[in-house]
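**Student:** Take this structure first; my questions come after.
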């Protein structure tokens, strides 16, 4: 990057062309360069023996590579937050933050810190580490850690595309590890299946043969109480799979607070922006950010916060064309950051309000996104898929019980109505004309509805978790594993229907029910790993249910026909009853049960007021507001910091005593005392009163230029001004 910037270049904050400018996108879209990390190469000691892949394996490898590229590179890296700054950041070696297995020398932080040259990229640094590369990427929130990781991913994918014998680079988010706390090898197999559609057998083979290059993002997103165990699990995995190459990404303070260290070969830390970078960015923006530039000279909290490229990008949108008089000073970075995100949210609402495209009120939008963010944090989710909403999202146990009962009753009623409608018209023939033409259909519907209701309740109440049927693929092993449950279901069907149709009829119903259940379990495939549209899992389940239902109808009709031919007392029309029954049962267990549960849960969330009814439409609107980013059929927040703001999750405060640094206790105490005095001084200099707008709904004070409350989203009354 040249030292002098062209004075004629201008950055348009609203998205005008910035070609040729040294400033453009930042945050995730940072161009970061790094020189080679000089570490010991073991390429001469180890050799990876790889069997030549078969033609089918080549296809599987290429498919996985395409999935990683499409999701993480094309959808996340290349579609990140708009109008951020492209700034070449420095990176720094931090060998003191890793546990090097061949070194007993203790390295202090000051001795270990070494700036890296900006003339080579992260990929070059990683490649120079040799066979068995392992690297840790650290940085402050919003510094661009994930961007560094994904840029490395992009380059590794390009390399592997030229030679599919190379290890396959795959991105995983460690936040999901805390759910089961498995061994990393087992967790990888599960993640490959759920996220990329790789069968468990193939996933196990790839992990065992060390055919994957692991790119693990979000160590800091693992819940704090499980983070130590996660580091231990990663270290254990590296000991058992020594040639598996790996990159781990984490916020630096969260990592420093750990008592254990990752046993990787090297660590780099993404450096914050310098004053030169910040001033150059503001100069390029011109008058649009003049208020920010003036405030920056006197607001120490602002100066510190602007060192983050993400924050710099948010500032360019939130504080655009705002005078310095309307930019309030704060005594801490946390207060300034909270104010920044509130202003950013307000500006996004105002922009869409002026364009007459405000599909939802700001208060509803904030409330719904806040609830979603809270649940995503609690469920350790990075990507939100509508079909992944589970009953566990209901916070009160009584609500979860009510959901189970309601979904069971709904399935039972639907089942009862359909079976009754099928069974009623032909009951006169089945009963041998004993009942009259007027009473037979009514009695038939009743007798059909009772077992239908019972079986519907059993299917509806059997399992609370919503499991979509997104693909159909035959598995003999799954068929065999389901035989026991199929026998139980068949026995219940025999007893239930035997009362109506005599033992032989009941046996036919029970046999058909149990066999259809086993067939359904045998043809269920893995989840569709690369979803293209919102709520694709539920929509696909509806279609697959029709296929299972059709199989059931044919099978039930055939069993009923054979029974009527071999047993004289079985009516000829019995095949119609059994075929219709198996059609409905196939629909229910083949995917409609998941749809009924999903709609029941969505209805409860809508009635509670925590989610809209048309979720896809709302999430697309939130994407227009630049709160979310659409990734295939899912949605992610533009950055974890914004997710935490909406969820009201404060960044974890790491006590200095827990950070492994080679500084004396006296020095730490001295620094803390000095910081305390500084904070007192800053607080004393703060203005005593500010003319803010008071929200009539929650009494929250907002800045004078706000039109909506930054806390609850209610439209502000211009008459309510605090003095």
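**Student:** Could you let me know the centre-to-centre spacing of segment 231-281 and segment 382-402, using Cα atoms, in angstrom?
**Tutor:** Measuring centre to centre over Cα atoms gives 33 Å.
**Student:** I need the peptides 232-245, 140-153 ranked by packing, meaning the mean over residues of other C-beta atoms within 10 angstrom, with the highest value on top.
**Tutor:** Numbers: 232-245: 17.5, 140-153: 24.4.
Output ranking for 232-245, 140-153: 140-153, 232-245.
**Student:** Sorting 606, 196 on the 10 Å Cβ count, fewest up front, what's the list? Can you show the working numbers first?
**Tutor:** On the way: 606 14, 196 20.
The most exposed by this proxy come first: 606, 196.
**Student:** Let me ask something else. For the peptides 207-219, 389-401, 542-554, what is the packing order when you average, over each peptide's residues, the other Cβ atoms within 10 Å and list the highest mean first?
**Tutor:** In decreasing order of mean packing, 207-219, 389-401, 542-554 become 207-219, 542-554, 389-401.
**Student:** Same structure, new question: Just to be sure I understand the model, the point goes 7 Å from the Cα along the line to the Cβ. What's the resulting residue 320 to residue 62 distance in nm?
**Tutor:** Taking the simple label geometry, residue 320 and residue 62 are separated by 4.3 nm.
**Student:** Once you put a point 7 Å from the Cα of residue 124 and another 7 Å from the Cα of residue 565, both along the Cβ direction, what distance in nm separates them?
**Tutor:** 7.8
**Student:** Given Cα positions, please report Rg to Rh for segment 282-343, the hydrodynamic radius being the Kirkwood one. Working shown, then result.
**Tutor:** Working: Rg = 10.3 Å, Rh = 11.4 Å.
Expressed as Rg/Rh, it is 0.90.
**Student:** Points 7 angstrom from Cα along the Cβ direction at residue 183 and residue 287: gap in nanometres?
**Tutor:** It is 6.7 nm.
**Student:** What FRET efficiency would be calculated for the residue pair residue 607, residue 480, taking the C-beta separation as r and a Förster radius of 56 Å, to the nearest 0.05? Display every interim value, and only then the final one.
**Tutor:** Details: r = 42 Å, r/R0 = 0.76.
The formula returns an efficiency of 0.85 here.
**Student:** Rounded to whole Å and ordered largest first, report the semi-axes of the equivalent ellipsoid of segment 117-253 derived from its Cα gyration tensor (root of 5λ). List each step's numbers first, then the result.
**Tutor:** Working: eigenvalues 95, 84, 34 Å².
After diagonalising the Cα gyration tensor, the semi-axes are 22, 20, 13 Å.
**Student:** Can you tell me how much longer the chain between residue 616 and residue 533 gets when fully stretched, taken as 0.36 nm per residue apart minus their C-alpha distance, in nm with one decimal?
**Tutor:** On the way: separation 83, 0.36 × 83 = 29.88 nm, distance 0.92 nm.
Here the answer is 29.0 nm.
**Student:** Related question: Which order do peptides 574-584, 185-195 fall in by mean Cβ count within 10 Å, highest first? Walk me through the intermediate numbers first.
**Tutor:** On the way: 574-584: 24.8, 185-195: 19.3.
Going from most to least packed, we get 574-584, 185-195.
Read-outs: derived from the displayed coordinates by stated rules, not from any lab. Keep in mind that what you see is a predicted model, and the values were worked out from it rather than measured. Methodologically, a virtual Cβ is constructed for each residue, glycine included, from the backbone with ideal geometry; neighbour enumeration extends over all protein chains shown.
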